[in-house]
1. Just read off the accessible area of Leu177 with the full protein assembly in place, 1.4 Å probe, to the nearest 10 Å².
2. With θ set to phi - 60°, apply the Karplus curve 6.51 cos²θ - 1.76 cosθ + 1.60 along the stretch 173-182 and write out the HN-Hα couplings as whole Hz, x wherever there is a Gly or Pro.
3. Using a 1.4 Å probe, what is the accessible area per residue for the stretch 142-182, in Å²?
4. Roughly to the nearest percent, how much of the accessible area of the stretch 56-168 is carbon and sulfur, given a 1.4 Å probe?
5. Which order do Ile76, Ile122 take when ranked by solvent-accessible area (1.4 Å probe, heavy atoms of all protein chains), largest first?
6. Ignoring ligands and nucleic acids, what accessible area does Ser169 show with a 1.4 Å probe (Å², nearest 10)?
7. Before I look further, what does the stretch 50-115 give for accessible area per residue, probe 1.4 Å, in whole square angstrom?
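The values are calculated or read from the model by the stated rules, or taken from the named source; none is laboratory data. Treat the numbers as computed from the prediction; the structure is a model and nothing was measured. When the accessible area is computed, the model is the full protein with side chains, heavy atoms only, and any ligands, DNA or RNA have been set aside. Shrake-Rupley method; radii C 1.70, N 1.55, O 1.52, S 1.80 Å.
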Amino acid sequence: MQSVRTRFAAVITAVLLCLTGAVVAVQSETTTASAQNPSGGIAHMIPGRVNLQPTGSGAWVNTPLRVLLPRPGTYILDADVRGRLAGDGQDRLLASIQARLWDATDAAVVPRSERLVTHMNIPPLSGVVAKQSTAPISERITVTEPTVIRLQVRRVNSIGETIRADIFSDGSGRTSLRYQRV
């Protein structure tokens with residue numbers, strides 16, 4: 001059962017995301033980081049999806065998935081990001097979903113954290129085609145103060161238009177973000 005604080009934080013996050021127009025989230029909030037302590041923790045996106053279709057191609061958007069690095073030090077960050085792309089197969093499609101870790105405290109990309117989550121290259125007249133993949137992200141970061149690390153994603157349509165572009169988390173594959181102080 002979620003606490004009132006967690007529900008309230010999820011509502012505030014959803015309102016802020018809607019006000020910025022950054023992303024349409026369907027049942028996508030994070031759970032409290034399990035076994036969270038100063039040395040480490042993990043957060044999972046609850047079952048649902050982050051729909052990237054309403055955002056412009058190439059626009060980075062925040063997901064609700066984040067962790068707090070609670071004190072200065074060096075941390076190992078690990079994420080698993082499950083993405084889905086679909087096209088109607090009538091026209092050529094060259095598209096991808098990309099992810100990165102974002103240091104929300106310093107408003108900067110975690111160096112070398114950019115990953116290709118999933119990619120499609122479909123010739124025309126091939127019928128409806130969809131692809132799902134999960135990409136890992138593993139990086140080390142040193143921080144000088146408590147720091148929020150967030151998962152950001154984007155859809156890139158190089159040729160054609162996708163009909164679906166999502167980040168998922170459910171029983172078939174979880175999107176998660178972990179940290180461990182070293």
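1. 0 Å²
2. For the stretch 173-182, the Karplus-derived couplings read x, 9, 9, 9, 9, 10, 9, 9, 6, 10 Hz, x marking Gly and Pro.
3. Working: 1830 Å² over 41 residues.
Accessible area per residue, the stretch 142-182: 45 Å².
4. Values: 2480 of 4910 Å².
For the stretch 56-168, the apolar C and S fraction of the accessible surface comes to 51 percent.
5. Numbers: Ile76 45, Ile122 10 Å².
Ranking Ile76, Ile122 by accessible area, largest first, yields Ile76, Ile122.
6. 0 Å²
7. Numbers: 2410 Å² over 66 residues.
About 37 Å² of surface per residue is accessible.
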